[in-house]
Structures are given as C-alpha cells and as structure tokens.
Amino acid sequence: MAEVRVGNHQLVLDLSGVDFIDSFGLGVVIGALKRVRILDGDLRLVVAEPRVRRVFEVCDLDRVFDFHVSVEAAVENGAVRR
Amino acid sequence: MSDGHPGDEMAVADFRPGEIVLEIPARTEYVSLVRVVVAAAAEIEPDMDSARIDDLRVAVSEATTNAIVAHDLHGVSDRIRIQCNLADDEIAVVVHDQGMGFEPDEVPILPEPDSPERLLHESGLGVHLMQMLADESEISATDDGTDVRLVVYSSKRRRRDSDG
C-alpha cells in the first residue's frame with residue numbers, strides 16, 4: 001500500500017503470476033480495495049489463471065472487482081499505477 | 001521428517017485401499033504440502049476433472065488453515081489429521097483438528113456483493129469457499145475438536161447425477 005501513501009489511488013494489482021489463492025489472499029485484496037475506495041480510488045485486477053478467477057467468482061467478488069487480462073488493458077481502462 | 005520443532009514429525013500411511021492419512025504439525029508451512037498430497041491423490045482417479053481437483057485444493061487448504069488456527073488459539077500441540085478416501089466416483093477428505101470445537105452456525109452470512117458492507121468482510125470467506133467448491137461439505141463437532149468433511153465427485157458421477 002506504499003502507492004496509496006504517496007497519493008496514487010488508482011491502482012492495478014497484477015496477479016498474473018499467481019496460480020493459487022485462498023481466503024487469506026482474498027482478504028488482503030479486499031482490504032486493499034477498501035482502502036483505495038475510501039480515498040475515491042479504485043483497484044483493478046489482472047488475473048490470468050482461471051482457477052484464481054474462479055475463487056473470486058465463487059465469493060461473488062467478480063461483481064466487486066474489475067478483472068483485466070493484462071496490466072496494459074487495466075491501465076487503458078483508467079488506472080495509472082500498478 | 002523434522003526441522004527441529006517439537007511435534008514436527010510427519011506421517012503418511014496407507015490404512016486400507018483407497019485411504020490415505022496425512023498427519024501434519026499445526027503450522028501454516030505445511031498447508032501447501034497438504035494441497036499437493038490431496039491433489040496427487042485425487043489425480044489417481046482418472047475420471048476426476050482437473051478443475052474439480054483445483055476446487056478441492058482450495059477447499060482442503062481452507063479447512064486445514066482453519067484447523068491450524070484452532071490449534072493455535074487453544075494452545076494445542078497435537079498434529080492435524082487429513083484423511084483422504086478415494087472411491088470409484090468421488091474423493092472425500094476429512095480434516096480433523098483438536099481445537100475445542102467450532103460452531104458453523106456462527107459463521108457470519110456474507111452481505112450481497114453490491115452492498116457497501118461487503119468490503120467489511122476481509123476474513124470469514126473460508127467456510128463459504130469450502131461450501132461452494134465442494135460437492136458436499138460438513139462441519140461437525142467431535143469429542144475433542146472438529147471434523148470438516150469435503151467431498152468432490154468425479155465427472156462420471158456428476159454426469160450421472162445430472163442425467164437423473
């Protein structure tokens with residue numbers, strides 16, 4: 001959350017190298033989203049692995065997060081820093 | 001296997017055909033080992049879909065993590081037992097802890113995703129994941145702790161069930 005502390009509130013979290021996530025990982029990502037939304041920011045996710053995306057979907061978090069196929073795609077959609 | 005921590009001895013033993021029992025120290029470093037063993041066991045069943053094995057990995061990981069937390073909370077040094085039963089058309093995994101019990105009814109119900117309160121739930125997703133990812137999930141109190149039973153069906157059984 002160093003980016004938030006220096007004033008960047010539109011963030012991209014690149015999870016393309018992640019092939020496993022559990023509830024602890026989800027909690028960390030939710031916590032990050034909560035912190036940037038308090039500052040009128042947003043957090044976009046880059047998720048490559050279907051198995052990782054499925055864990056978000058099972059918790060209905062695909063309705064909370066924007067998913068993107070690449071950092072470039074996420075940045076084009078408004079986020080300025082990763 | 002031991003790295004010098006008390007109770008770190010780990011055991012894998014076959015008790016009867018189709019049953020594998022793994023006992024681990026109640027430490028988070030061992031959760032990834034449990035995932036690997038359970039996934040490898042599930043892969044023995046040729047009709048087990050790889051996506052369902054992924055689901056089982058996550059569900060068992062959650063149950064094992066909860067068991068470790070329960071042992072830690074109650075200062076229990078005993079090992080956690082993970083029992084896999086491979087049947088013709090399913091794999092059932094029981095994670096047994098001695099963490100003084102668990103009340104599944106006390107797990108908070110998650111708000112709707114569109115609710116602002118949804119983001120207040122940074123934790124508490126583990127039980128929800130187990131219930132959603134396994135074909136059967138059951139949490140039951142035992143004399144000395146909790147059993148979490150997770151069952152994933154083979155694709156053959158899912159086809160059969162969907163055909164009625």
Completion exercise
In the stretch B:115-161, residues that are modelled with pLDDT of 85 or more, among the hydroxyl-bearing types (S, T, Y) and open to solvent by 80 Å² or more (accessible area, probe 1.4 Å) total 0
Exercise for the section: Mind listing whichever residues of the stretch A:48-67 are out of contact with any Asp or Glu (no Cβ under 9 Å at 6 or more places or on another chain) and at the interface with chain B (Cβ under 9 Å from one of its Cβ atoms)? Expected result: A:C59, A:L61, A:D62
Practice task
Return the total of residues in the stretch B:58-86 being part of a helix (DSSP H, G or I), away from chain A (no Cβ under 14 Å) and open to solvent by less than 10 Å² (accessible area, probe 1.4 Å).
Solution key: 1
Handout entry: Members of the stretch B:25-54 found to be of a type outside the set (S, T, Y), exposed (fewer than 13 other Cβ atoms within 10 Å of the Cβ) and part of a helix (DSSP H, G or I), listed by number
Key = B:E29, B:V36, B:A40, B:E43, B:I44, B:A51
Exercise for the section: Return the residue satisfying two criteria in turn: it lies in the stretch B:95-108 and is in contact with a helix residue (DSSP H, G or I) (Cβ under 9 Å, 6 or more places away or on another chain) and either modelled with pLDDT of 95 or more or more than 18 Å from B:E136 (Cβ to Cβ) (or both), and of such residues it is most open to solvent (accessible area, probe 1.4 Å). Expected result: B:M100
Practice task
Inspect all residues belonging to the stretch B:39-57 and state whether any of them is within 14 Å of chain A (Cβ to nearest Cβ) and farther than 30 Å from B:R160 by Cβ.
Solution key: no
Handout entry: A:V75 vs. criteria open to solvent by 30 Å² or more (accessible area, probe 1.4 Å) and out of contact with any Asp or Glu (no Cβ under 9 Å at 6 or more places or on another chain)
Key = yes
Exercise for the section: Tell me which residues, restricted to the stretch A:17-31, are more than 7 Å from every other protein chain (Cβ to nearest Cβ), surrounded by 19 or more Cβ atoms within 10 Å (Cβ to Cβ) and assigned to a helix (DSSP H, G or I). Expected result: A:V29
Fill in the blank from the handout: Output for Cβ contacts, cut-off 6 Å, separation at least six or different chains, first residue farther than 21 Å from B:Q131 by Cβ in the stretch A:47-71, second open to solvent by 60 Å² or more (accessible area, probe 1.4 Å), reads A:V47/A:R53; A:E49/A:D19; A:V71/A:D14; A:V71/A:R82
Handout entry: Verdict on A:R44 being open to solvent by less than 40 Å² (accessible area, probe 1.4 Å) and at pLDDT below 95
Key = yes
Practice task
Kindly list the number of the only condition in (1) closer than 19 Å to B:E136 by Cα; (2) modelled with pLDDT under 95 that fails for B:A70.
Solution key: (1)
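The values are calculated or read from the model by the stated rules, or taken from the named source; none is laboratory data. Just so it is clear, the structure is predicted and the values come from calculations on it, not from any experiment. Please note: Cβ atoms are built from the backbone with ideal geometry, for glycine as well, and neighbour counts cover all protein chains shown. The accessibility values were calculated without ligands, DNA or RNA, using every heavy atom of the protein model including side chains. Shrake-Rupley method; radii C 1.70, N 1.55, O 1.52, S 1.80 Å.
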